[in-house]
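Colleague: Structure in structure tokens, see below.
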Amino acid sequence: MAKEIAVVGAGIVGATASYYLARAGYQVTIFDEGIGQATAAAAGIICPWLSRRRNKKWYRLVSEGAAFYRQLMSDLDSDGFPTDAYKQCGTIILGNKPGYIQEVHDRAVERRKAAPMIGTIKILAGEELKGIIPPLVPMDNALFVGGGARVDGQALTQVLLQAALSFDGCIHNEHITLSKNKEAFSVNTLNGAVSFDAVILAVGAWLPQALEPLGYTVDVRGQKGQLLVLQTDSPDAKDYPVVMPQGEIDLLPFEGGRVIVGASHENDKGYDLEPDPSILTPMLGQAIALIPSLKNADLADVRVGTRAYTSDFSPFFGTVPGLEQCYTASGLGSSGLTSGPLIGYSLAQMIQSKQTSLDEADYSTNHYITQTP
Ligand SMILES: Cc1cc2nc3c(=O)[nH]c(=O)nc-3n(C[C@H](O)[C@H](O)[C@H](O)COP(=O)(O)OP(=O)(O)OC[C@H]3O[C@@H](n4cnc5c(N)ncnc54)[C@H](O)[C@@H]3O)c2cc1C
């Protein structure tokens, strides 16, 4: 009989793990309460190679995570599912500080040696930039990175869940709690306590709340992120690269003339999901300063989500200490759409007792999940 796996949380991590487990012949039951999900609110930039962060383990995770998208898209495609939620459209970096563009250029060239997916790296003069994104205000220079991509997190998650359900999966929209006694570790559902061969807790920023009843303390906090979805009347926008100016906002063009402006990083607002005009209005102002025609766009949506952060900003995944059949991942922060599919895939590999491409010790849960004495 196929092994039965519960996946709690259907964001990018849980949805990817569900897809690969169902694809491998496991019977997967997915639970999600659907509140505050980071994945559905996310902007969708996949371009980790230009970061100044010096943490090598983090860089390896996000760099391999960006590369993993090719495998994921190829697997979905061969299973007959759409792959248009992800597009390698390139990234444009803007910066007014003297030397900034050259500095990012040099870092990208160095990193391309180990990450060929970065592709074309080119400093653009003002006219060339205007040729790529005509509505942008004139800029002296910018950097184009061909391998940069954008992903619609919500759309990708829906496809992954659909794919998982097409194999052997089912999904329940409900809040789950966990309990443990001498005999069993159980998932408490609306239909009572159920035991599974393994459980994946892919609950993002809500991991402390999920594990606290079992006697664990988790080093994860919530960070509020807000963004604006603008509707333009420019169908060409979908072909523009992602624009990453220095500072808080980024601009992501999507199909149908949609442009995402985001995202805020609010450490003092935790799990709050209320749109806040005092944050959103200045973000819109910054976007219009770069692309003046955006002042004519309609505000189609405001999205608010909760990112998960650890105290050292590093993600983790693996088994919960002392609970061998319970796997988890959290702390993916602001690059979780980049690393999330690879982490979900790695959890699915671990359940199948297969080797992962990452060194699991580098992302150990032991540093972040402790049993309360
Ligand atoms: C505004 C914003 C912009 C972002 N932009 C980017 C970006 O450009 N690039 C990038 O790489 N990353 C970005 N991120 C980060 C990325 O979205 C997240 O790190 C990633 O999506 C986290 O995925 P996850 O699966 O771990 O968690 P989530 O997507 O948060 O999923 C967790 C799920 O668990 C469910 N859940 C929780 N508790 C329970 C329970 N007890 N029972 C049932 N269900 C439960 C929740 O409802 C939720 O659906 C952004 C995030 C935000 C908020």
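The values are calculated or read from the model by the stated rules, or taken from the named source; none is laboratory data. The structure presented is a predicted model; accordingly, all values stated were derived computationally and were not measured. With ideal geometry, Cβ positions are generated from the backbone for all residues, glycine too; neighbour counts draw on all protein chains shown. With ligands, DNA and RNA removed, areas are computed over all heavy atoms of the protein, side chains included. Shrake-Rupley method; radii C 1.70, N 1.55, O 1.52, S 1.80 Å.
Colleague: Out of SER334, SER339, I need the residue that is within 12 Å of the ligand (Cβ to nearest atom) and open to solvent by 50 Å² or more (accessible area, probe 1.4 Å). Which one?
Modeller: Every option except SER334 fails the conditions.
Colleague: If you don't mind, there's one more thing I want to ask. Determine the pairs where a residue that is of a type in the set (Lys, Arg), located within region 14-32, has a partner that is surrounded by fewer than 23 Cβ atoms within 10 Å (Cβ to Cβ) with Cβ atoms under 6 Å apart, the partner being 6 or more residues away or on another chain.
Modeller: ARG23/PHE167
Colleague: Which of the residues spanning region 250-264 are touching a Pro at 6+ places or on another chain (Cβ under 9 Å) and within 16 Å of the ligand (Cβ to nearest atom)?
Modeller: LEU251, PRO253, VAL259, ILE260, listed by residue number.
Colleague: Evaluate the following for ARG70: is it open to solvent by 60 Å² or more (accessible area, probe 1.4 Å) and not assigned by TED's automatic domain parsing to the domain that holds LEU207?
Modeller: yes
Colleague: Additional query: For region 210-220, does any single residue satisfy the condition of being assigned to a helix (DSSP H, G or I) and either open to solvent by less than 10 Å² (accessible area, probe 1.4 Å) or in contact with a His (Cβ under 8 Å, 6 or more places away or on another chain) (or both)?
Modeller: Yes, region 210-220 has at least one match.
Colleague: Another question, if that's okay. Looking for something crowded, with 17+ Cβ neighbours inside 10 Å and over 22 Å from GLY344 (Cβ atoms) - is there at least one such residue anywhere in region 157-175?
Modeller: No: region 157-175 contains no residue that is crowded, with 17+ Cβ neighbours inside 10 Å and over 22 Å from GLY344 (Cβ atoms).
Colleague: Looking at ALA42 and the list (1) surrounded by 23 or more Cβ atoms within 10 Å (Cβ to Cβ); (2) farther than 17 Å from THR328 by Cα; (3) out of contact with any helix residue (DSSP H, G or I) (no Cβ under 9 Å at 6 or more places or on another chain), which single condition is not satisfied?
Modeller: (3)
Colleague: Among the residues of region 284-321 satisfying the criterion of being surrounded by 13 or more Cβ atoms within 10 Å (Cβ to Cβ) and assigned to a loop (DSSP other than H, G, I, E, B), which is nearest to the ligand (Cβ to nearest atom)?
Modeller: PRO315
Colleague: For residues that are more than 16 Å from the ligand (Cβ to nearest atom) and buried (at least 23 other Cβ atoms within 10 Å of the Cβ), tally how many sit in region 135-156.
Modeller: Selection size over region 135-156: 2.
Colleague: If I go through region 4-39 residue by residue, how many of them are more than 6 Å from the ligand (Cβ to nearest atom) and either in contact with a helix residue (DSSP H, G or I) (Cβ under 7 Å, 6 or more places away or on another chain) or open to solvent by 10 Å² or more (accessible area, probe 1.4 Å) (or both)?
Modeller: 20
Colleague: With the structure loaded, tell me whether VAL62 is open to solvent by less than 50 Å² (accessible area, probe 1.4 Å) and near the ligand (Cβ under 7 Å from one of its atoms) or whether it fails that test.
Modeller: Spelling it out, it is not the case that VAL62 is open to solvent by less than 50 Å² (accessible area, probe 1.4 Å) and near the ligand (Cβ under 7 Å from one of its atoms).
Yes/no per residue for (1) at pLDDT 95 or above; (2) over 25 Å from CYS47 (Cα atoms):
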{"residue": "MET283", "(1), (2)": "yes, no"}
{"residue": "ALA297", "(1), (2)": "yes, yes"}
{"residue": "GLY305", "(1), (2)": "yes, no"}
{"residue": "THR310", "(1), (2)": "yes, no"}
{"residue": "GLN325", "(1), (2)": "no, yes"}
{"residue": "LEU337", "(1), (2)": "yes, no"}
{"residue": "MET350", "(1), (2)": "yes, yes"}
{"residue": "THR370", "(1), (2)": "yes, yes"}
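Colleague: Kindly provide the set of residues from region 226-249 that are within 15 Å of the ligand (Cβ to nearest atom), open to solvent by less than 10 Å² (accessible area, probe 1.4 Å) and either without any contact (Cβ under 8 Å) to a residue 60 or more places away in the chain or not assigned by TED's automatic domain parsing to the domain that holds LEU294 (or both), ordered by number.
Modeller: Within region 226-249, just ILE249 meets the criteria.
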